[in-house]
Each structure stands twice: as structure tokens, then as C-alpha cells.
Amino acid sequence: MSQINSNTFITDNFLLYSKEAETLYHQYAKDMPIIDYHNHLSAKQIAENKAIGNITDAWLSGDHYKWRGMRANGIDEQFITGKATKKEKFDKWAETVPYTLRNPLFHWTQLELKRYFDIDTILQSSTSEEVYKKANQVLATKTPADLLKDMNVEVVCTTDDPIDNLEYHQQIAKQNIFTKLYPTFRPDALISVESDTFLNYLKKMETCVGSSIENIDDLLNAIQSRVDYFDNNGCRLSDYGLERIYADDFTLEEADIVLKRRLGGENITTEEASLYASCILYNLCKMYHAKGWVQQFHLGALRNNNSRLLKQIGADSGCDSIGDFGHGAAMSKFFDRLDAEECLSKTITYNLNPSQNEVFATMMGNYSEGGIPGKMQWGSAWWFLDQKDGMEKQLETLSNVGLLSRFVGMLTDSRSFLSFPRHEYFRRILCNMMAEDINSGLVPNDIPFIGKMIQDICYNNALAYFDFKQT
């Protein structure tokens, strides 16, 4: 790629293809605060608030999107997750960037360089030294709190294990920083009874709650105590990362038998594991409803496909894919049971397989409730769908079968403090889509009316939906 500047690429009107789109974005969307209600940022880093210092740490460490791109480009693993120096890893990423053209990584890379570092240079091997030096000069003084404030991030919701003591969230609550931080309850480890790590995890839970877990009642009591603890520390959301929703018929007695067999070291069948998971999932959701929490379900990922890299690096290493799972029947059975017992919380589902977009979008319309606009949400385009085409399809499908105007908008789902321009990316796509409708005569040419709807999607709906507590 020749040496050009992105000031002819990432312009003020990037992704905005009409005057109406430009007006909607610049006057209504651009300056709205960000509520990032699902990400994987480190509360410890925010609490300690030390200057990040190096762009490789901020940009490449833990970013499995970039790892996948580098592997696809034939980069050796030592320069991705291995023992190469930070500069060597950055150089290999710079070498890869030109080959990401038409992948969202290309857009994200240049947006992030522009917004955080005012760098217009297209990243590639010939510009790697220049970009690395300038970015590190900025990061030498920028703390995580600074980076969040620079992007106007008002709220961040991290993803937290039930046994986390939340000490860093408590520290942050006492600090005078712009961004408010809230924990999210992520109990996947409690559901996967068949996992090799399950028994060790239960021992950690016993230590955490100060009592033994010998049966299903003990376990549910332990979980309730952790839900109470999270709620007292400002938690307003739960989350799951599951292949599917578990909705088997069960009794507590049956789940108790499965748990005791597992505690005794016995092997359990796939059917028994599913029954147990159905029991735990249902009881968790009843606890959330009692607290007024929002529950999120990230569904459909086929994880850890590369056993070699799983053994070498661990989970979340960039070896996950879209799974071909059926979701409709289980969602219907699960949500209907909770709804019939009047304990169905506000719910957001995220779909990873685009062939099931309409399944998810129509399912969420079945369980609305008076007095709670947008109670059941089909969430933003997620993971492999978190790109221009995926976002447009999600917005179109939601518009066709639901109420786009009640949508709670975008999130980063990221481990990097440099990912917040993804909100800008979404907002530009949304504004351009609405402008196209104006120019096609599909909606009234009423800029203030549509601008208000865009502001609701970008910020106002999420603020009302999550009802964040002051801690």
C-alpha cells in the first residue's frame, strides 16, 4: 500500500453518503455520551489508573480479532502471543494491516489511530516506526481513566466472575473519575457441570461464601449470597456466554442427584448435564428478576476449535467460530416459563449466526410488558457480525419485526481501552441508514424527529433501561 494519509479516508463524513446523513450524525449522534454496557475491560487497570505506556499493551494484548488477522496473514505465533518484544509484535501487526482491507479491522485500526492519537497515517510496515513512536508518546501520560473520558464514556460495565470480591470496583466508586464502573454477574462456570474445572471452581465458591456446598440447596444459597453481594456493589446486569439456552424439564431433586454424582467424582451424561444447567439457569434468572437486573444471553459461539492453541494459549485465543445451533424452541420454552411465573427480567439476547436473525428478533417480541418499553431486546450485532454489513442487517431486521426506536444501542464487547470508536462506527452507520430512508421517501423528512430517535438509540434508551444505581 502506498504511503497515503487517512485524512482522505477517515474524514469527518466517513460512512455518511448524503447531507442528511451528515446532519444526523454531526448534530445529533456524534456528541452523545457512551454507555458501554458490556465489555471485558480490567477493573484493576482502571482502579490503579497507571499510564498504559505502550500501544502493544493497549492494542494487541488480548485482542483475538487482531490475532486471527495476523495468523491468517501467516505471522508466526511468537509475534502474536509469544515471547517476541512489544515492538516486534507491533511491527508484525503493522505488516498485517494492509492485508485486512475490507475486513472491519482496517476501519477500526484507522479510526482508533485517528481518535486517540490524531494519527492520519495508514498503518503498514513503512509507517510502523512512526506510528509506534507517536502512539507511545501519547500513552506515556494517558491513564485508562483518561482514555475513557476522552471518548466521553459515561458508564462501563465489566464482565465479572461471581467469586470476584469486586475490590477494584469499590475503589473506583470512591474515586473522582468521569466514568462510572459497574460489575456484571457472569456465572458460566457454575452452569458447566461437565467441565474439567467445575469441581475446583466449587471449592473456590465455598471459600468465597464461607460454607460447604454438598447439595443443590447449598449451591443455590451460595449463588444467592453472591447475587446479593454484587447487587450491593451496584450491579445491574448479568450475562452468559453459552452455546444455547438450556430449557429441559427438571426438578430440584433430579438436579441434586446430578450434582451429588459430580461431586462424588462420577461421570455424568450429556442429558444429565443439560438438566442440571437448565435448573441453575432458571433459578439464576429468578434471582435476577428479584433484583431488577437486566439479563444478557450471548448465544451461538462454537468455541476453542483449535485444540493445539487451546493447550498452548488457553481460551479466548481467537479460535472460536459461528456455531450452527437451533435456538428458537429453547428460547420460547425458557422465556415462557419465566413469563408465566411473572419472573422474566428485562432481557437482551445476542445472536452470532446471521441465519437466525429473524428467529431472535421475532422471539423477543413475544414477551413484552406494559410499562417497560423495549423490555425484551434483540441485542447489537455481535463478534463476527460486529461490522458494517452485520450492523446494517441487525438494524434492518429489528426495524422490520420490532421497534428500532426502543433499541438500547451499541457496545464494545472488548478487552481494549482503545475500542470505543466502535460506537462512532455504529452511529455513523445508523445515521446513514436513516438518511437513506429519508431520501428514498420511506420516512418523513423531519430531521429533528429522526435526530431524537437516533439520540435515544445512542444513549437515552440505555440510560433508562439499565437504571444504574449510585455506589
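Candidates in region 255-284 are the residues that are of a type in the set (Gly, Ala, Ser) and part of a loop (DSSP other than H, G, I, E, B); of these, the one that is modelled with the lowest pLDDT is GLY265. Here ASP161 meets the list (1) touching a strand residue (DSSP E or B) at 6+ places or on another chain (Cβ under 7 Å); (2) assigned by TED's automatic domain parsing to the domain that holds THR207 almost entirely, failing just condition (1). Residues that are surrounded by fewer than 18 Cβ atoms within 10 Å (Cβ to Cβ) and among the charged types (D, E, K, R) within region 111-129 comprise ARG115, ASP118, ASP120, GLU129, listed in sequence order.
Here the condition is being free of Cβ contacts under 8 Å to residues at least 60 places away in the same chain and not aliphatic (A, V, I, L, M); of GLU77, GLU112, GLU95, it holds for GLU95 alone. Here LYS92 passes the criteria (1) surrounded by 14 or more Cβ atoms within 10 Å (Cβ to Cβ); (2) under 26 Å from the mean Cα position of the chain (by Cα); (3) within 24 Å of ASP316 (Cα to Cα); (4) of a type outside the set (Phe, Trp, Tyr) except the one numbered (2). Right, PHE384: surrounded by fewer than 19 Cβ atoms within 10 Å (Cβ to Cβ) and under 14 Å from the mean Cα position of the chain (by Cα) or not? When the stated conditions are applied, PHE384 passes them. Filtering region 164-174 to residues that are surrounded by fewer than 18 Cβ atoms within 10 Å (Cβ to Cβ) and either modelled with pLDDT of 95 or more or over 27 Å from SER225 (Cβ atoms) (or both) leaves ASN165, GLU167, GLN170, GLN171.
The set of residues in region 130-158 being under 19 Å from the mean Cα position of the chain (by Cα) and either surrounded by fewer than 20 Cβ atoms within 10 Å (Cβ to Cβ) or not in a helix (DSSP H, G or I) (or both) consists of MET151, ASN152, VAL153, GLU154, VAL155, VAL156, CYS157, THR158. Of the helices (runs of 4 or more DSSP H) lying entirely inside region 181-249, those carrying at least 3 residues that are out of contact with any Phe, Trp or Tyr (no Cβ under 9 Å at 6 or more places or on another chain) are 198-209, 216-232. Can you find even one residue in region 270-280 that is in contact with a Cys (Cβ under 9 Å, 6 or more places away or on another chain) and assigned by TED's automatic domain parsing to the domain that holds GLY390? Looking for residues that are in contact with a Cys (Cβ under 9 Å, 6 or more places away or on another chain) and assigned by TED's automatic domain parsing to the domain that holds GLY390, one finds none in region 270-280, hence no. For region 289-304, the set of residues classified as under 17 Å from ASN232 (Cβ atoms) and in contact with an Asp or Glu (Cβ under 6 Å, 6 or more places away or on another chain) consists of LYS291 only.
The residue that is modelled with the lowest pLDDT, among those in region 285-318 that are surrounded by 15 or more Cβ atoms within 10 Å (Cβ to Cβ) and touching a Lys or Arg at 6+ places or on another chain (Cβ under 8 Å), is GLY318. Of the helices (runs of 4 or more DSSP H) lying entirely inside region 48-109, the ones with 1 or more residues being polar (S, T, N, Q) and under 23 Å from PHE420 (Cα atoms) are found at 55-59, 86-96.
Here the helices (runs of 4 or more DSSP H) wholly within region 392-471 that include at least 2 residues being assigned by TED's automatic domain parsing to the domain that holds GLU22 and among the β-branched types (Val, Ile, Thr) are 421-439, 447-455.
Residues that are in contact (Cβ under 8 Å) with a residue 40 or more places away in the chain and surrounded by fewer than 19 Cβ atoms within 10 Å (Cβ to Cβ) within region 388-399 comprise LYS388, GLU392, listed in sequence order.
The values are calculated or read from the model by the stated rules, or taken from the named source; none is laboratory data. These numbers were taken from a predicted model, which means no experiment stands behind them. Here the Cβ is made from the backbone with ideal geometry for all residues, glycine too, and neighbour counts use every protein chain on show.
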